[in-house]
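What follows is a short report on a single structure.
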Amino acid sequence: MKKTGLYIVIVGCGRLGAHLANRLSSEGHSVVAIDLSESAFPGLSADFSGFRIEGDATQTAVLREAKVHKADVLIATTHDDNVNLMVAQVAKKIFNTPKVLARVFDPRRETAYAQLGIRTICPTSVAAGLFFDAISEDE
Amino acid sequence: MKVILVGGDKTLYFLCRNFTSKGYEVVVINREQKEAVQLSRQLSAVVLCGDGSDPEILAEAGARSADAILAITPNDQDNLIICQLASLQFGVPRCVALANDPDNAEIFEMLGVTAFSTTDIVGSLIEQRASLEQITNLLPISGGKVNVTEIVLDNKSPVIGQSLKDIRLPEGTLIGVLIRDNQPIIPRGATQLLDGDHIVLITLPDSHGPALKALLGDTE
């Protein structure tokens, strides 16, 4: 286990969120997973040794409970782009979290949020890039 | 004036009706197809069915030429993103978001979006009205730093029959307008106050209580 683990808050514990939470937790980081419903948490494996919080992350009280002001990293991976973008901005601008990442499905919203200094990852663009690469490889 | 309203429900309906009656050009964006169809039948506004936080829908609603956008959906995250997109991508000059969670009103302001919380506004209205029956309207501005209060003078008021220039009001108080028999009057020093006058009073927090006392007398 690494000595200097990071404090990471993951908002949205679906397939991607749970995967990240399990992996980061098993790598020795302190992870807090937030989800609207408790039913998402079974996605967390036995390796996950972090905390779970059931709540709506668009309410700052929930983020405060997750001690976002002390977090090194916040990752927003709910299925709702707007929740991710809002939570990411609140973490960055109000809780001063050093590293904030948001998943955004809609590539058209990426540019607007790049302007606000929010780092977004768009699964659509990423997958499209991989497909294009795979096509050109075969030629 | 061109206004885009995003949301649904009675609030949107009545707001839209109010705006169209003033001659504003209104475009409504509503997510639910059934509700959108119903609104388009009831309102003399263009109604689009779609996600207001989708830049294409905003473009279709004519965001580029809009003077204002009001996001009043039940989801705070949507209201924030709608206003940010409208302002960043379309340069809409006035974007106002409803904060359903009153805590978010402050957060939205910190993120650069004008916000209001109906909970806060209605809460303070009810508090003020419950505490003093002569107050008929109260509007806190910039989070309560300035209050605009409408009061009615009754025969118990110590200022009835006096001219404004003779009434001693505390610092930080302004009588904006008088309403007498439904007619607004911009008051001057010589204007006399009468029983039944409605006064629109502008006060700072410190002068609010003393100003009400000066005009209404001891109501305890």
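The values are calculated or read from the model by the stated rules, or taken from the named source; none is laboratory data. Please read all numbers here as calculations on a predicted model, not as lab measurements. Don't worry about glycine lacking a Cβ; one is built from the backbone with ideal geometry, like all the others, and counts go over all protein chains shown.
With the condition kept exactly as written, say whether any residue in segment B:117-139 is more than 18 Å from the chain's Cα centre (by Cα), within 11 Å of chain A (Cβ to nearest Cβ), farther than 20 Å from B:CYS16 by Cα and surrounded by fewer than 16 Cβ atoms within 10 Å (Cβ to Cβ).
No - not one qualifying residue is present in segment B:117-139.
Are there any pairs with C-beta distances below 8 angstrom linking a residue in segment A:44-61 that is more than 14 Å from every other protein chain (Cβ to nearest Cβ) to a residue that is at pLDDT below 90 and assigned to a loop (DSSP other than H, G, I, E, B), with the two at least 6 apart or on different chains, and if so which?
Listed by first residue and then by second, the contacts come to A:ARG52/A:LEU44; A:GLU54/A:SER37.
A quick yes/no check of all residues on (1) in a helix (DSSP H, G or I); (2) surrounded by 16 or more Cβ atoms within 10 Å (Cβ to Cβ); (3) within 14 Å of chain B (Cβ to nearest Cβ):
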{"residue": "A:VAL90", "(1), (2), (3)": "yes, yes, yes"}
{"residue": "A:ASN96", "(1), (2), (3)": "no, no, yes"}
{"residue": "A:PHE131", "(1), (2), (3)": "yes, no, no"}
{"residue": "A:ALA134", "(1), (2), (3)": "yes, no, no"}
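Yes or no: segment B:2-16 includes at least one residue that is of a type in the set (Gly, Ala, Ser) and either on the phi > 0 side of the Ramachandran plot or part of a strand (DSSP E or B) (or both).
yes
So, A:LYS67, is that one within 13 Å of chain B (Cβ to nearest Cβ), charged (D, E, K, R) and closer than 21 Å to A:LEU6 by Cα or not?
Against the criterion (within 13 Å of chain B (Cβ to nearest Cβ), charged (D, E, K, R) and closer than 21 Å to A:LEU6 by Cα), A:LYS67 does not qualify.
Can you pull out every residue in segment A:70-82 that is within 9 Å of chain B (Cβ to nearest Cβ) and surrounded by fewer than 24 Cβ atoms within 10 Å (Cβ to Cβ)?
Matches in segment A:70-82: A:ASP80 only.
If you check B:ILE4, B:ILE81, B:ILE69, which single one turns out to be of a type in the set (A, V, I, L, M), buried (at least 21 other Cβ atoms within 10 Å of the Cβ) and within 13 Å of another protein chain (Cβ to nearest Cβ)?
Testing whether each residue is of a type in the set (A, V, I, L, M), buried (at least 21 other Cβ atoms within 10 Å of the Cβ) and within 13 Å of another protein chain (Cβ to nearest Cβ) leaves just B:ILE81.
Can you run down the residue pairs with Cβ atoms below 8 Å, 6 or more apart or on separate chains, where the first is in segment A:98-114 and in contact (Cβ under 8 Å) with a residue 40 or more places away in the chain and more than 10 Å from chain B (Cβ to nearest Cβ) and the partner is assigned to a helix (DSSP H, G or I) and loosely packed, with under 14 Cβ neighbours inside 10 Å?
Within 8 Å, the pairs are A:ARG103/A:PRO123.
Limited to segment A:110-129, what total is found for residues that are under 18 Å from A:ALA57 (Cβ atoms) and either surrounded by 20 or more Cβ atoms within 10 Å (Cβ to Cβ) or in contact with a Cys (Cβ under 9 Å, 6 or more places away or on another chain) (or both)?
3
Which one of the conditions (1) farther than 18 Å from A:GLY117 by Cα; (2) without any contact (Cβ under 8 Å) to a residue 40 or more places away in the chain does A:ILE8 fail to meet, given that it meets all the rest?
(2)
Could you list all residues from segment B:140-170 that are surrounded by fewer than 17 Cβ atoms within 10 Å (Cβ to Cβ) and among the small types (Gly, Ala, Ser)?
B:SER142, B:GLY143, B:GLY144, B:GLY161, B:SER163
Please enumerate the residues belonging to segment B:51-66 that are small (Gly, Ala, Ser) and at the interface with another protein chain (Cβ under 9 Å from one of its Cβ atoms).
Hit for segment B:51-66 is B:SER53, nothing else.
Among the strands (runs of 3 or more DSSP E) lying completely within segment B:138-209, list those that include at least 1 residues that are at pLDDT 90 or above, of a type in the set (Lys, Arg) and more than 26 Å from B:GLY123 (Cα to Cα).
The strands (runs of 3 or more DSSP E) meeting that bar are B:173-180.
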